[in-house]
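One structure below.
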Amino acid sequence: MALNFPNLSRSYDAAGSRIRFWGHDGAIEVSFFLELSALLRFFPEMPNVESRILTAFDAMRDRIIEAAGRLYYSARRRRAFYVLAAGDFS
């Protein structure tokens with residue numbers, strides 16, 4: 001099965017400074033987190049306001065999904081969740 005992201009839901013975790021989103025590999029739900037520092041790489045002057053952070057995530061969704069797929073398929077074994085950092089974007 002291929003990893004896909006049919007669910008556009010995402011949520012901001014202020015305590016963890018990250019955004020959570022989900023993908024599916026067949027029937028298996030896969031959790032991902034995007035570190036806020038990764039978004040700041042592309043939007044350096046973005047205010048730390050939830051609505052702005054989620055809007056920035058949406059603007060970068062295609063690149064984030066692409067990076068999530070690379071991270072997922074490069075893992076040697078399946079994890080409970082995957083964390084994308086600024087270095088995961090080429």
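For Ser17, which sequence-distant residues (separation of 5 or more, or a different chain) have an amide H within less than 5 Å of its own amide H, given hydrogens modelled in the peptide plane?
HN-HN under 5 Å from Ser17: empty list.
Kindly rank 53-61, 31-39 from highest to lowest mean number of other beta carbons found within 10 Å of each residue. Don't skip to the end; give the middle numbers.
On the way: 53-61: 16.1, 31-39: 19.9.
Highest mean packing first, the order is 31-39, 53-61.
Does a label point 7 Å from the Cα of Leu40, set along Cα-to-beta-carbon, have any residues of the stretch 2-22 with amide nitrogen under 19 Å, and which are they?
Answer for the stretch 2-22: 12-20.
Accessible area of the stretch 42-90 with a 1.4 Å probe: how many percent of it is carbon plus sulfur?
The value for the stretch 42-90 is 51 percent carbon and sulfur by accessible area.
Provide the per-residue ³J(HN,Hα) series for the stretch 76-90, in order, calculated from phi with Karplus coefficients 6.51, -1.76, 1.60 and θ = phi - 60°, each as a whole number of Hz, with x at glycine and proline positions.
3J(HN,Hα) across the stretch 76-90, in whole Hz: 6, 8, 6, 10, 5, 7, 10, 10, 9, 10, 4, x, 7, 10, 9.
Scan [x] 13, 15, 13, 13, 11, 10, 8, 7, 5, 3, 2, 0; [y] 16, 55, 25, 4; [z] 16, 43, 27, 12, 2, 0 for the value of P(r) over Cα pairs in 10 Å bins from 0, in percent calculated from this model and give just the label.
Computing P(r) over Cα pairs in 10 Å bins from 0, in percent and matching it to [x] 13, 15, 13, 13, 11, 10, 8, 7, 5, 3, 2, 0; [y] 16, 55, 25, 4; [z] 16, 43, 27, 12, 2, 0 gives [y].
Can you list residues from other chains, or at least 5 along the same chain, whose modelled amide H is less than 5 Å from the amide H of Val83?
The answer is Phe33.
The values are calculated or read from the model by the stated rules, or taken from the named source; none is laboratory data. Just so it is clear, the structure is predicted and the values come from calculations on it, not from any experiment. Please note: Cβ atoms are built from the backbone with ideal geometry, for glycine as well, and neighbour counts cover all protein chains shown. Heavy atoms of the whole protein, side chains included, go into the accessibility calculation; ligands, DNA and RNA do not. Shrake-Rupley method; radii C 1.70, N 1.55, O 1.52, S 1.80 Å.
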